[in-house]
Amino acid sequence: MRTITAFSTIVLLWVAIGVAAATRRGYFGSSETNCSTLGSTVVTSFVGPLNHVGLDPSIECPSVPQPSE
């Protein structure tokens, strides 16, 4: 029981730090929404604590071919 409580506390703290990191980067304030922005927000929220050691998670969307005219 103590292990589950400790693990849950660590996970909640981890996600809270990640959301704080995404907020500081301004990911929740922009009105532009696309694949890259959403991906970067989600990645930063889950690996946000790693930002404090210098990592910069970001996701690039693959280019989509345009239809021919």
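Would you please list the contacts, defined by Cβ atoms under 7 Å and residues six or more apart or on different chains, that run from a residue in region 3-27 that is among the basic types (Lys, Arg) to a residue that is surrounded by 10 or more Cβ atoms within 10 Å (Cβ to Cβ)?
Cβ pairs passing all conditions: 25/44.
Residue check, residue 4 against (1) modelled with pLDDT under 75; (2) exposed (fewer than 10 other Cβ atoms within 10 Å of the Cβ), all met but one. Which one?
Evaluating residue 4 over (1) modelled with pLDDT under 75; (2) exposed (fewer than 10 other Cβ atoms within 10 Å of the Cβ) leaves (1) as the failure.
The values are calculated or read from the model by the stated rules, or taken from the named source; none is laboratory data. Values in this document were obtained by computation on a predicted structure and should not be read as measured data. Please note: Cβ atoms are built from the backbone with ideal geometry, for glycine as well, and neighbour counts cover all protein chains shown.
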